[in-house]
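The values are calculated or read from the model by the stated rules, or taken from the named source; none is laboratory data. In this text the structure is predicted, and so the values were computed from the model without any measurement. Positions of Cβ are generated from backbone atoms using ideal geometry, with glycine treated the same way; all protein chains shown enter the neighbour counts.
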């Protein structure tokens, strides 16, 4: 029997779980479940209240009737240091030492407190072109680092929930797997959650630049609540009823637009940073893929496209997943919120 795997996404205000198994070379959906905290703003992350996280994971697994105990989880992008670095070309052990030496220069915490992971990137010349005859003088490496204390918190939560944490990666890699796939073009993935938004520029399937800012769906709701003098729940409902639609009453679209100013500026900053890097002149970003709960905001895709003069799409994490056709309406509705969980569950099926 083919093994199935759980993708578990611990968000700021929600937990999402997806169970996938391989069937005829493609992932098939076995079940899914989630829970959301209906609060104005989370006082603590789930990692800070492990007993709460453990209890909710157990309840979701029971209610959604998951089978597997093998889980894959993700560390929040804002909690992980990630950078593409160039180091002198060196073999094996020497390369590992060179990576650690470079890591000491750019990681703000002592390496003894961090867990390092790194991956040698394929030279751009080797993609769609002949490999140069002259040996490369530098090696391009994707370096990621996470605090050991944070990793231990995840290990403890999953152990408490009775699950075996087989892999732990960053949310960005899960999003690339679920939304970008084998697409080699340069794209921006904007993942708007409840409390924060992660912006990643993906080049040739590799996260090249990652930024995170404390602007999310809750900020928009609070802005509507304050501006119109209504309570949080009313503002939340109005946000999803009106969204960015200019025809909506009460000037809601203008309020939402004001709340998103920082996000727009950050996307523009990331774009300029990428295009102005050394050797980056003329590099083109093909499109923006929008995901997370923010992707459900009415007319948000059209607004971003016009404001940034770029092609913007709502990501579909179910595109490569086999599932019962009768579930399509509900899966389309919740899809953006499940992008990370789906990408995580896909990891061990590749």
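Residues of segment 21-73 that are modelled with pLDDT of 95 or more and assigned to a loop (DSSP other than H, G, I, E, B): 65, 66, 67, 68, 69. In the set (1) farther than 30 Å from residue 26 by Cα; (2) surrounded by fewer than 22 Cβ atoms within 10 Å (Cβ to Cβ); (3) in contact with a strand residue (DSSP E or B) (Cβ under 9 Å, 6 or more places away or on another chain), the condition left unmet by residue 245 is number (3). For segment 248-279, the candidate set comprises residues that are at pLDDT below 90 and touching a helix residue (DSSP H, G or I) at 6+ places or on another chain (Cβ under 6 Å); within that set, the residue that is surrounded by the fewest Cβ atoms within 10 Å (Cβ to Cβ) is 248. Selection of helices (runs of 4 or more DSSP H) fully inside segment 170-274 by the criterion of at least 2 residues being free of Cβ contacts under 8 Å to residues at least 60 places away in the same chain returns 217-228, 232-242, 252-259.
The residues listed here are 317, 336, 329; of these, the one that is in a helix (DSSP H, G or I) and either crowded, with 19+ Cβ neighbours inside 10 Å or within 17 Å of the chain's Cα centre (by Cα) (or both) is 336.
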